[in-house]
Structure formats: structure tokens, C-alpha cells
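Right, one structure below, let's go through it.
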Amino acid sequence: MAPSPFRSAAVVCGIVTASLGVGLLTPVTATAATAAASPSPTASASAGEASTNEYPEFVDIPIDASLTQIELLQDWSMPYAARVFAGYSNGDDIWLMLGDTVVDRSNWGAAFFISVPDALKDQNLEIVRIHTAEDGTRTRSDRMPMPRGITVDGLQRKNHFDPGVTQLAGSATAGATVVATDSESGDELFTTKVSTNRSGTGTWSADAELSDREHKITLTQTTLEGRTNQLRDIRFTPGEADAPDAPTLQTTERRLDGDFVLSGQFDAATDSIIVEDEAGEKIVTAALTSNGYVANIPQDRLGTTVHVVALSDNGTPSLRTAAALEQVDTDASIAAPTLRDVKVYPDGRVQVIGEREDSAGVWILDGDRVVRGIERQEGWSYTIPANETDKQLDIVNLSMEGRRFDAV
């Protein structure tokens, strides 16, 4: 298990020596050393760190100028969904790179298929072909830059418009040509050029003539190098837009049980509020009160960014309000917990007993996951089930600022 940045007191169950005749034991090692804080991981950072550790040798693989780049057949994404790359690899490994970090890899034989997380789909991505010779020697092609993903300003799940001319704008690969087509009729709605920019991402805008019916639009960009990329399934519905204002986010807190609580305000046009993940899948429905909304998010979303969305009575969504779910800060000035006793039972359970101390509470952590939250009263104890005694659990004291836990 990866070390936790919040490790203050460690209980390593496998190093305890028990005396069943007395029922009380002394740990061979019971540390209470405060570790330096490290930043909370995000979903993309976690993926990047795992890939970097798994493929640290990328920079040492020599480039073979005779190794041609792969044939890319598909490059497309959908609003609030992952970006997909597919093509022919001739049996070689295909690595998707973000800088020198391997984001993903694929080897299905002759073909390859890579799905890019929504959080990374508009990043500066590159594809590299890795060839392994019969003697095990590896070489690679040069990097093949992927077009920047197409974005549309103010894009929602269902976009309302007044029939007639509707202006669209967004970003794409600098210098590319963007063509909009009606997915059902195949009619071209507009063609426009993307502005040039040293950063590689330019802007575009165009007018589309939309009739009095629902439209499903596909945007296709063609870069100066001839590569194409699509944004599919953009839906436009005729009618007056009645989307509520985006909810505000006032607090993001972590509860004693480890779950998160989001709270904020909403406007009068809001009928309900949901919380979505990056891909737009609903996680929970928030409770609405006269003081605002409250949403409880399971702690397995730790390290990700979720989005709060207001819905009108006919289901029209607002723009999304992002909320990063991060671990509370580590504060070295908070005293580490002190263990008083450790007991091992004949059935394999291990009970740890703590001293009474001045703190807002105690967390028992398995990595960053809260196994148990304990309100501090006269003292505390926690019994580790027999089937979990091969883990290293961390014990930390909590401090409270006002009504929320603010540090460990």
C-alpha cells in the first residue's frame, strides 16, 4: 500500500507480540512520528504517477527514424465524456503521453484503442509507437501530437435556441478548420477557421442556421497537418432557454465518517440539484432547504473533482459548478495520538486503546480512507477485525475550525 501523507501514529499489526495468559500486550514498535504533508492527489495525478512508476524507462528508449508513426483512424469525444483514439499499430505498443508521463497504453495486436479520461481530453496529448525486436530491444517512433480537443462555450447537456441564426464559439487546434454538420440530415451548418496561437490552442466562432426542430450536431476539425478530431452529439432543442443559474459552492467539508458534504445556494428557478462526476454521471441528489442545498458525497470520490448542477422543473440543467474533493490539511502542530494499550484476542482481533487527549476526534485511516471516525470523549478504542490485521492503519488526531474539521 502506498504511504499516506497523513500518517501520524502507525499500528503495524504483524509486529505485535501477544501474551494470551494476561490478555495484554506491548507493541514491539508503536511509533508516533508526524510525517511531512504532501498534496492531495487528483484523479489525473494519480493516473500519471502510476504510469510514471510503471514505465520509468520511456526517456531511455531510442528513437528509430525508420519506424513510421501509427495510422490513426478515429479521434472523437462527446460532451462530458472521454476522448477515444483508435487505429492500426501493426502489433506494436501504443503509448499515450502527456509530457513524459505515460497516461495509457494499448496493444491489441494489429489495432489499438485508447480511452482518455474526461479531465485530460483537451490536454496536449501525444501518441508514441513502441517497437520490440525479436531480441527484446525496444525502439520508438517520434511523438505524434494529437489535435487539441474541440470545446464549445457554454455547452450544456441540452442547449436551447430560438429558431434562426445561432452563434457558436469555442476553441480547437490553432490554425485548424472546423466544420459543423447536422448528424441526422448530414447538412453542413458552417465552416470556420481557428485562430493561430503559439500555445497550440486557438478560438473559433460561427453562425449556424437552426430550424424549428431538435438538432444533433457534430463538429469536425482538420489540422494543418491533415489530422481530424470530432466532438459528437451536441444537442440543440428549440425553445426559450430556461436554465437556472449555476449553484454557488460555499463549503466543501469532510465528515467524521470520511464522507464529504457540499453546501451552497441556488436560485428560484431551481427545482432540484444533482452532483455529477467529470463524465456527467449523477452521483447523488442534493437536499434543498430554505438555507440552501446540502449534498453528501461518498469518500471513495476523494481526490476527484465533482460538479454541482441545478435543474429546472422541466429538467433543463444549469452550467456546472466544480468542487474538488481533497483531504484536509496536515498540521504538524497538532499532537499525534498516544496509544495506551493494544490487546490481541484469541479469534485474531486486535484492539487498540488510546489515551484521553484534547482533540476534536480521531480518524483510523487505511491509506486516505477513513475506516472509523471517533468522537473524542473520555478516551477511545478501536478493534481491528481479524481479516484486516495484515494492513498498516494510521491514527490521527483531528482539529476543528468552527463546525468543520480543518486539519489532522
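Summary table below
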{"item": "Condition broken by Val165, with the remaining ones in (1) surrounded by 17 or more Cβ atoms within 10 Å (Cβ to Cβ); (2) closer than 30 Å to Ser211 by Cα; (3) hydrophobic (A, V, I, L, M, F, W, C) satisfied", "result": "(1)"}
{"item": "Residues that are open to solvent by 20 Å² or more (accessible area, probe 1.4 Å) and under 17 Å from Ala322 (Cα atoms), drawn from the stretch 242-266", "result": "Asp245, Ala246, Thr248, Leu249, Gln250, Thr251, Thr252, Glu253, Val261, Ser263, Gln265, Phe266"}
{"item": "Residue ID - farthest from Thr338 (Cα to Cα), chosen from residues in the stretch 349-370 that are buried (at least 17 other Cβ atoms within 10 Å of the Cβ) and β-branched (Val, Ile, Thr)", "result": "Val370"}
{"item": "Residue list for the stretch 287-342, filter: farther than 22 Å from Ala243 by Cβ, under 15 Å from the mean Cα position of the chain (by Cα), assigned to a strand (DSSP E or B) and β-branched (Val, Ile, Thr)", "result": "Ile297"}
{"item": "Selection status of Gly149, of a type outside the set (A, V, I, L, M), part of a loop (DSSP other than H, G, I, E, B) and farther than 19 Å from Trp204 by Cβ", "result": "no"}
{"item": "The stretch 70-90, residues that are of a type in the set (S, T, N, Q) and either open to solvent by less than 70 Å² (accessible area, probe 1.4 Å) or within 30 Å of the chain's Cα centre (by Cα) (or both)", "result": "Gln74, Ser77, Ser89"}
{"item": "Selection count where residues are hydroxyl-bearing (Ser, Thr, Tyr) and farther than 25 Å from Pro145 by Cβ, scope the stretch 163-180", "result": "1"}
{"item": "The stretch 380-406, residues that are open to solvent by less than 30 Å² (accessible area, probe 1.4 Å) and either acidic (Asp, Glu) or at positive phi (or both)", "result": "Asp394"}
{"item": "Positions within the stretch 166-191 being part of a strand (DSSP E or B) and modelled with pLDDT under 85, in sequence order", "result": "Thr166"}
{"item": "Filter result (open to solvent by less than 80 Å² (accessible area, probe 1.4 Å), more than 17 Å from Gly149 (Cα to Cα) and either among the basic types (Lys, Arg) or not in a loop (DSSP other than H, G, I, E, B) (or both)) within the stretch 192-228", "result": "Ala206, Ala208, Leu210, His215, Lys216"}
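The values are calculated or read from the model by the stated rules, or taken from the named source; none is laboratory data. Being a predicted model, the structure only gives us computed values, none of them experimental. Don't worry about glycine lacking a Cβ; one is built from the backbone with ideal geometry, like all the others, and counts go over all protein chains shown. Accessible surface is based on the protein model in full, side chains and every heavy atom, while ligands, DNA and RNA are left aside. Shrake-Rupley method; radii C 1.70, N 1.55, O 1.52, S 1.80 Å.
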